[in-house]
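For reference, the structure discussed in these notes is given below.
The values are calculated or read from the model by the stated rules, or taken from the named source; none is laboratory data. Quantities reported herein were computed from a predicted structural model and do not represent experimental measurements. Here the Cβ positions follow ideal geometry from the backbone for every residue, glycine too, while neighbour counts run over all protein chains shown.
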Amino acid sequence: MTFRVRVSVAAVAITVVSAAFCGGRTALARAASAASASSGSASATTPRSPSSADTDEGKKGTETRQPAPEGGERNDGAIVRAEFIHEPGAYPQCHASTIVETPDGGLVAAWFGGTHERNPDVCIWSRRFAHGVWLPEVKVADGVQADGTRYPCWNPVLFRPRQGPMVVYYKVGPSPSTWWGEFATSGDDGNTWSKSQRLPDGILGPIKDKPLELADGTILCGSSTESPKDGWHVHVERTTGVGRPWTKTAPLASDGFNAIQPTLLIHRDGPLQMLCRTKEMEVATSWSSDGGLTWTPLAASGLYAPNSGLDVVSLADGRQLLVYNYRDATRAAAMNPKSAALGAPSQAGIRRPDEDWGVRWPLNVSISPDGVHWKMVLTLESQPRKDGYAYPAVIQTHDGLVHITYTWDRVKIKHVVIDPAKL
C-alpha cells in the first residue's frame, strides 16, 4: 500500500546548555546538504504492546526482501573491496566502529577496544588509510580522568566539519546510564590527536552515528539516554560550531518505543528523518520539517531488526542507504532467538522476553527513494556467529563509493566498499 508519513511536528522544548566545542561534519559531497554519522545496555522497561498497527498492513513503510544464499553474499558485483582493518592482537575485543573521509581522499576509522566492553582498559583506537594502505593503529583516548581514575571508553564517532578540525566524539563512564561525553580533535586529519575534553553537562554528543551538518552550518547530533528507571529515550543535540552553545530537544514522544541511537538522514525536498534502534526489535522513525528543532512522535517504520545499532547515509543521487541487521517480521513474538540460533536451551541473564536482543546476523543493505519504502539489495554477512556482525557505520566518499565498517564477532573490524550505482 502507499503511505505518506505525516510531517506535521509536535513541538518539543529546547534547552540551552553551556558553550563548548562542537565538531563538524563528514567531508562528503551531498546534493542538497552535507549529510553524513553504543554500545550499551539497560535494565528492562515495560515493552511496547503489539496492536493492529503492528501488522504488515499497518506499517508506515514497507520493505522488499532480496534473500542471500545461505552463508554467503548477494552482491551482484556491487562490492568493490572487503577487508579487515583490525584483527585480534593487542586487545581481545573491539566494537562500535566509525569512519570518515579526509580532504585528500583518505579515510580514518576508529572503534573501542580492550579486554571486554565495560572494562576500564577499553580505549579508543584509530587507523588512517593513506596512499593506498592502512597505517598502524594509534590510541586516541584512554578514559583516564584528572584524578587518575580510569573508566572505559565507548562508541567513538568521527566527524569532519566543512570548517575546522576533524573530531572524534566518544563516551566515558562505567555504563551507558552513567557515562558522559568527551571529544578530541585532529588538525592533521587523524595523524595526531589533541588532549581529550569533556562536553558540557547534559550533552552526550552523537551517541553512535555521525552528525548531520545542514546547509546553514547547523550541526545535528542524534543522541539518546538509557536509564534503568526511566527507560530508553532519543533526543537531538545541535550547535553551530567551535565554542558555540549547544542546545538539545526534549526526549521525543516515544509512542511506547524504548529507542536509542538515532541515525539522521536528509531528503532532497527538505524534511529530515531519523531511524532508531529499539527494544521492541522494530526500527522506529521520526520526521522534522524545521531543520531538526522539533520532531514527530516515534512511529514504526516497517523495518524489523534485532535490538542492535544501524546507520544510514543519504546518497548524492537522492536515495537513502541503510545498513542494519535484518529480522523477519514473523519473529515478533516473545522468544529467545539468540539462544535458539546458537543451540542453547536458554540465554544467560535473560529475565524477561524484551531483554532478549536477538541475533546480530544477517547484516544487510537496503535502499529507499523516500525513507518509507525500502528494498533489500545486499547481504554483507549471514553466517551465524556468537556475537554476529554489528554496529555498522556508513559514509559516501567524493568518488561516489560507499564505505561501511562494522564489528565482526567482537574480535575484528571489517571495512567494505560498495558501488551504489550497482545497487
Qualifying residue in region 312-322 (condition: within 16 Å of residue 375 (Cβ to Cβ), at pLDDT below 95, assigned to a loop (DSSP other than H, G, I, E, B) and under 20 Å from the mean Cα position of the chain (by Cα)): no
What are the residues in region 390-414 that are outside any strand (DSSP E or B) and in contact with a strand residue (DSSP E or B) (Cβ under 8 Å, 6 or more places away or on another chain), if any? 397, 398, 401, 409, 410, 411
For region 161-198, which positions are at pLDDT 95 or above, outside any strand (DSSP E or B) and in contact with a Gly (Cβ under 6 Å, 6 or more places away or on another chain)? 176, 179
Within region 366-419, the count of residues that are on the phi < 0 side of the Ramachandran plot, among the aromatic types (Phe, Trp, Tyr) and touching a Phe, Trp or Tyr at 6+ places or on another chain (Cβ under 9 Å) comes to 3
Region 121-136: number of residues that are under 14 Å from residue 171 (Cβ atoms) and surrounded by fewer than 19 Cβ atoms within 10 Å (Cβ to Cβ): 0
Every residue from region 364-423 that is of a type in the set (Gly, Ala, Ser), modelled with pLDDT of 95 or more and in contact with a Pro (Cβ under 8 Å, 6 or more places away or on another chain): 400
Output the residues belonging to region 103-135 that are of a type outside the set (A, V, I, L, M), assigned to a loop (DSSP other than H, G, I, E, B) and out of contact with any Lys or Arg (no Cβ under 7 Å at 6 or more places or on another chain). 103, 104, 105, 115, 116, 117, 118, 119, 121, 131, 132
Does any residue of region 285-302 turn out to be charged (D, E, K, R) and over 23 Å from residue 99 (Cα atoms)? yes
Hits in region 189-217 - residues which are under 22 Å from residue 129 (Cα atoms) and not acidic (Asp, Glu): 190, 191, 192, 193, 194, 208, 210, 211
All but one of (1) crowded, with 22+ Cβ neighbours inside 10 Å; (2) over 14 Å from the mean Cα position of the chain (by Cα) hold for residue 212; which doesn't? (2)
Filtering strands (runs of 3 or more DSSP E) wholly in region 215-309 for at least 2 residues that are within 17 Å of the chain's Cα centre (by Cα) and buried (at least 22 other Cβ atoms within 10 Å of the Cβ) gives 219-227, 231-239, 259-266, 272-278, 282-288, 299-304
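Quick one: would you say residue 139 is surrounded by fewer than 24 Cβ atoms within 10 Å (Cβ to Cβ) and not in a loop (DSSP other than H, G, I, E, B)?
Yes: the conditions hold for residue 139.
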Scanning region 202-253 residue by residue, those in contact with a Cys (Cβ under 6 Å, 6 or more places away or on another chain) and among the aliphatic types (A, V, I, L, M) turn out to be 219, 234
Residue 207 fails exactly one of (1) at pLDDT 95 or above; (2) buried (at least 23 other Cβ atoms within 10 Å of the Cβ); (3) not in a loop (DSSP other than H, G, I, E, B), namely (3)
Are any residues in region 142-160 within 18 Å of the chain's Cα centre (by Cα) and in a strand (DSSP E or B), and if so, which ones? 153, 154, 155, 156, 157, 158, 159
